[in-house]
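Scroll down for the structure; my scribbles are underneath it.
Bear in mind these aren't lab numbers, they're just calculated from the coordinates by the rules spelled out. Values in this document were obtained by computation on a predicted structure and should not be read as measured data. Don't worry about glycine lacking a Cβ; one is built from the backbone with ideal geometry, like all the others, and counts go over all protein chains shown.
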Amino acid sequence: MSLSPRAEELRASLLRFMDECVYPAEAPYEDALARQANRYEVPALLEDLKREARARGLWNLFLPESGHGAGLSNADYAPLCEIMGRSPFLAPEACNCSAPDTGNMEVLARYGSEQQKAEWLAPLLEGRIRSCFAMTEPDVASSDATNIACSMQRVDDTYVINGRKWWTTGAMDPRCAVAIVMGKTDPEAPRHRQQSMILVPMSAPGLTIVRPLRVFGYDEAPHGHAEILLENVRVPASSVILGEGRGFEIAQGRLGPGRIHHCMRLIGMAERALEATCRRALGRVAFGKSLAEQGSLRERVARCRVAIEQARLLTLHAAERMDTVGNQVARAEIAMIKVVAPQMALDVLDFAIQVHGAGGVSPDFPLASFWAGARTLRLADGPDEVHLETLAKLEFEKHGPRKTHR
């Protein structure tokens, strides 16, 4: 699949930026975090990277709307996203292309009012603030989003919000200024018209960060994840995005591109892990020969290459389908990549950890933290089981009673 000339130019520039700026900054960035009394403060080094990326034109690459972003299609952006995924904790944010800001900016760009765009989208596009997305709840099975119980009651010209959210990614970041909260505005409405999305400032009275949450022991600072309590939080009625009862509609528009982004970043992580594996195997000797000469290891390396290429091609196919027929028609392809890419990355990373031995589970290499992040993506944006159910349903529909069999 060929890239447009504009995307090829950006790809070459991004590769130079990674080599010249991002990779050299990884160790100093981790050292700065370790020295800070508060790990959720943002090291100045990150802002330096953001300024450099912007100066090179590597900014808001994810947004297809040329008025706000680079004007790239999903197919053109996907390879760039893969490159940024090679350094998932630095490169995406350096280019203002990190989740959940990407999804939130897409929501505001497509569904937000002019007032909402001026107040929240503009500073997000500038990288002056960050945001979070509060959907998952601890007291219900959030894989079925109709279970969401956070109450949003209309009182005159305001909404009063009460609920508890968790795994709200980005909420620990001191720059996080706004949350998009999904909750229930009308329990009596049809099942998929009960929920709405509302913009809630993080400074709103009644909004409390209960605790930071760790992923397999990793705090993922300074971005982090949080449990949030909303107690009688009041926001103007104008804070509703698109209109009451439109939450599911917005979620579908938000999650399709986000799943592509996650999958391409995972492929970038897997590529970097396989490269590290090969270098390690070539440089280590056991039982009289290098690890790279061991037959079982060589077979695993080959299988990793096959798995990465399969996942990449499937993801690029999904991106092309999204561009040509739209997210709704491409929902089968999107569901497939969301199942395939995280499992592929986990398999490659697990093998990389094994080849690195004790070093693989240590913080001396990024493999363990990569694995922890990849494992969450079998849950985030819908667990595997939900995507597999979607695929099965679509497959059976092809062979229903009205179909003619030949």
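Data overview
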{"read-out": "Of Lys50/Lys117; Lys289/Lys338; Lys184/Lys338; Lys50/Lys184; Lys117/Lys398; Lys184/Lys398, pairs whose Cα-Cα distance is over 30 Å", "value": "Lys289/Lys338; Lys50/Lys184; Lys117/Lys398; Lys184/Lys398"}
{"read-out": "Approximate spin-label separation Ser238-Asp144, in nm, with each point projected 7 Å along Cα-to-Cβ", "value": "3.9 nm"}
{"read-out": "Residues Phe351, Phe396, sorted so that the one with the fewest Cβ neighbours within 10 Å comes first", "value": "Phe396, Phe351"}
{"read-out": "Computed magnitude of the charge dipole of the chain (debye, nearest 20; Cβ of K, R +1, Cβ of D, E -1)", "value": "820 debye"}
{"read-out": "Computed over the chain: relative contact order in percent, which uses C-alpha pairs under 8 Å that are six or more apart", "value": "14 percent"}
{"read-out": "Ranked Val210, Val22, criterion: other C-beta atoms within 10 Å, fewest first", "value": "Val210, Val22"}
{"read-out": "Residues Arg16 and Asn162, FRET efficiency given R0 of 51 Å [Cβ-Cβ distance, rounded to 0.05]", "value": "0.55"}
{"read-out": "For Trp166, distant residues with modelled amide H under 5 Å away", "value": "Thr136, Glu137, Ile228"}
{"read-out": "Positive-end residue of Ala34, Leu349, Ala99, charge dipole of the chain with Cβ unit charges", "value": "Leu349"}
{"read-out": "Point-charge dipole on Cβ atoms (K/R +1, D/E -1) for segment 178-246, about Cα centre, debye to 20", "value": "140 debye"}
{"read-out": "Given (1) 21.4; (2) 22.3; (3) 25.3, the label whose value is Kirkwood radius over Cα pairs in Å derived from this model", "value": "(2)"}
{"read-out": "About the Cα centre, charge dipole magnitude for segment 208-251 (Lys/Arg +1, Asp/Glu -1 at Cβ), debye", "value": "60 debye"}
{"read-out": "Net lengthening on full extension, Val215/Ala122 (0.36 nm per residue, minus Cα-Cα)", "value": "30.4 nm"}
{"read-out": "C-alpha long axis of helix 367-376 to longest principal axis of the chain, angle in °", "value": "40 degrees"}
{"read-out": "Whole-Hz ³J(HN,Hα) from phi, Karplus 6.51 cos²θ - 1.76 cosθ + 1.60, for segment 317-322, glycine and proline x", "value": "5, 4, 4, 5, 5, 4"}
